[in-house]
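So that we are looking at the same thing, I have put the structure below in structure tokens.
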């Protein structure tokens with residue numbers, strides 16, 4: 001899986017049973033499976049079971065963190081957790097407030113998400129997936145989760161349709177702690193990449209219709225010149241992990 005961690009805790013909430021089985025049997029390598037704890041509550045299970053699965057997985061991650069382990073916690077997905085919480089809340093008589101979600105959903109999300117992070121002797125690095133309706137990044141669950149976490153990686157349907165994988169929209173993705181955990185050179189290169197992507201998108205239509213003329217804007221000219229290398233840098237085959245040092249070298253080649 002390309003994850004440097006002592007233990008991986010994976011919660012699959014509301015997924016189809018066939019997809020869960022395929023993931024466990026074919027996607028996880030033997031090495032990853034040997035250090036992975038999996039908590040599963042498939043889509044046909046009771047709402048309360050789907051609700052509790054995320055908390056059980058987080059508790060397991062805390063157990064290993066308290067033993068001094070560095071843990072990666074992955075929950076897929078918070079949206080299905082929230083839908084299960086909505087079922088439980090509405091059935092108990094709570095009023096719907098935002099997109100049909102009762103107040104308890106927004107009260108329990110911080111209690112779940114704030115449990116990740118560093119402990120006295122270990123750590124939990126958590127990744128949570130969120131499904132948005134109609135690519136609306138401001139729908140209630142996505143907006144609430146974004147306000148709690150340290151950053152977000154946005155996947156683009158448009159990039160996936162163009163066979164661009166991983167389909168990460170770099171311009172829309174944000175880390176709120178990057179400045180505290182990377183070098184100044186890394187920050188400079190990453191910022192330069194985002195600038196070049198933004199510049200290219202401004203002139204992309206002109207380039208496609210043949211109306212762009214080089215020499216008018218040196219920065220835009222550089223973005224156009226670097227674009228093929230940037231596209232190559234942003235794509236990576238599944239099961240082909242790279243180290244941070246290798247990635248930084250490729251990033252430098254892409255933007256300079």
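The values are calculated or read from the model by the stated rules, or taken from the named source; none is laboratory data. Treat the numbers as computed from the prediction; the structure is a model and nothing was measured. Reconstructed Cβ throughout: ideal geometry from the backbone, glycine too, with neighbour counts over all protein chains shown.
Any idea which residue in segment 106-129 is surrounded by the most Cβ atoms within 10 Å (Cβ to Cβ), counting only those that are in contact with a strand residue (DSSP E or B) (Cβ under 8 Å, 6 or more places away or on another chain) and assigned to a loop (DSSP other than H, G, I, E, B)?
Selected residue: 116.
Before we move on, is residue 105 assigned by TED's automatic domain parsing to the domain that holds residue 127 and over 21 Å from residue 8 (Cα atoms)?
On the way: assigned by TED's automatic domain parsing to the domain that holds residue 127: yes; over 21 Å from residue 8 (Cα atoms): yes.
Considered against the rule, which asks whether it is assigned by TED's automatic domain parsing to the domain that holds residue 127 and over 21 Å from residue 8 (Cα atoms), residue 105 comes out as yes.
Here's a follow-up. Within the group 77, 54, 99, which residue is touching a strand residue (DSSP E or B) at 6+ places or on another chain (Cβ under 9 Å) and modelled with pLDDT under 90?
77
Given the conditions (1) out of contact with any strand residue (DSSP E or B) (no Cβ under 9 Å at 6 or more places or on another chain); (2) assigned to a loop (DSSP other than H, G, I, E, B); (3) surrounded by 14 or more Cβ atoms within 10 Å (Cβ to Cβ), and given that residue 138 satisfies all but one, which numbered condition is not satisfied?
It is condition (3) that residue 138 fails.
Being surrounded by 12 or more Cβ atoms within 10 Å (Cβ to Cβ), farther than 22 Å from residue 250 by Cα and at pLDDT 90 or above is the requirement here; does residue 150 meet it?
yes
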